[in-house]
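Enquirer: I'd like to ask you about the structure that follows.
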Amino acid sequence: MLSTLLIFAFFLPWCLSIPVVPKDVHDDLSFFQDYFHRFFYSEEETQYNSLEDQLRFLQHFFRLEETGWLDEPTMAFIRQPRCGVRDIADYSFFPGKPKIHKNRITYSIVSYPDNMSRKTVQKIVQKAAEVWSSVTPLKFRRVYRRNSDIEFAFASGYHGDPYPFDGKGEVLAHAFAPDPYYQGAVHFDSDEDWSDSEEGINLFLVAVHEIGHALGLGHSQDKNSIMFPNYKYQDPELFRLSDDDIEGIQMLYKVSTLGRSG
């Protein structure tokens, strides 16, 4: 919903008198700009791009109708719960295509959500890891030490990295690409209502997505991909990686490049 009033306010700056922008429209605009600068390009990078350019870019990326307007479908889409990792395109890799250079990967769980038992969380994380091992030579093993290849943690607000969580709502989790100099990490916002069902936020689905990041996959534009940035529930018992997910992870972890020793 972008009213005629907003069109005049933002796209006709030469008008002699500019009407006051209603608060709800102003709030939507502020939300969009914050979203765009967090997940796509910074204010500095977009200082010479118009609002319409930014809207068309976002709509093109998410395969929405490219109206160039802050319409209701666009606002509804960007208000959906999502991953906190910045967006790239199709199945994609992080710059430099980082990956874990061995096929035996250790992981640890250092903290848990208040509303789920530790045993349940442990089973879910193992099941999520096995999704990726089913289509690659990768094997995951849980360890009980801090120096594992991937560390899982639940935290709220500021938690030691540059990306504080926002409380219950928009950003559900984030993960860091593989790096040869520091431990991989997957962080879940502990303020969310985590579950093993369709109630609240299903931990399995988010864990599969974030493990994909920890292995080196970026976001995908394919809405059927688990690496699509927005959260969408599907039955974990029927879950399968999309062709896009499989193609991406298999391209990154070629059998010939992993070696035999792990």
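The values are calculated or read from the model by the stated rules, or taken from the named source; none is laboratory data. Here the structure is a predicted model, which means the values were calculated and not measured. Cβ atoms come from the backbone with ideal geometry, glycine included; neighbour counts cover every protein chain shown.
Enquirer: Output the number of residues of region 123-182 satisfying the condition of being at pLDDT 95 or above, out of contact with any His (no Cβ under 9 Å at 6 or more places or on another chain) and aromatic (Phe, Trp, Tyr).
Expert: Number of matching residues: 2.
Enquirer: Is it the case that Gln234 is part of a loop (DSSP other than H, G, I, E, B), assigned by TED's automatic domain parsing to the domain that holds Ile124 and buried (at least 17 other Cβ atoms within 10 Å of the Cβ)?
Expert: Numbers: part of a loop (DSSP other than H, G, I, E, B): yes; assigned by TED's automatic domain parsing to the domain that holds Ile124: yes; buried (at least 17 other Cβ atoms within 10 Å of the Cβ): no.
Here the answer is no, as Gln234 does not meet what is asked.
Enquirer: I'd like to know if region 167-181 contains one or more residues that are more than 25 Å from Arg79 (Cβ to Cβ), surrounded by fewer than 24 Cβ atoms within 10 Å (Cβ to Cβ), within 14 Å of the chain's Cα centre (by Cα) and in the same structural domain as Thr136 (by TED's automatic domain parsing).
Expert: Yes - at least one qualifying residue is present in region 167-181.
Enquirer: Quick check, is Val171 out of contact with any strand residue (DSSP E or B) (no Cβ under 8 Å at 6 or more places or on another chain) and of a type in the set (Val, Ile, Thr)?
Expert: Criteria not met by Val171.
Enquirer: Right, another one. Of everything in region 111-139, what is surrounded by 17 or more Cβ atoms within 10 Å (Cβ to Cβ) and in a helix (DSSP H, G or I)? Give them in sequence order.
Expert: Selection gives Val121, Ile124, Val125, Ala128, Ala129, Val131, Trp132.
Enquirer: Right, here's the next one. For region 39-57, give me the residue count where each residue is modelled with pLDDT under 90 and within 18 Å of Gln221 (Cβ to Cβ).
Expert: So the count comes out to 4.
Enquirer: Next question, about the same structure. Could you tell me which numbered condition Glu45 fails, if it satisfies all but one of (1) within 18 Å of Asn230 (Cβ to Cβ); (2) without any contact (Cβ under 8 Å) to a residue 12 or more places away in the chain; (3) outside any helix (DSSP H, G or I); (4) not hydroxyl-bearing (Ser, Thr, Tyr)?
Expert: Result: Glu45 fails condition (1) only.
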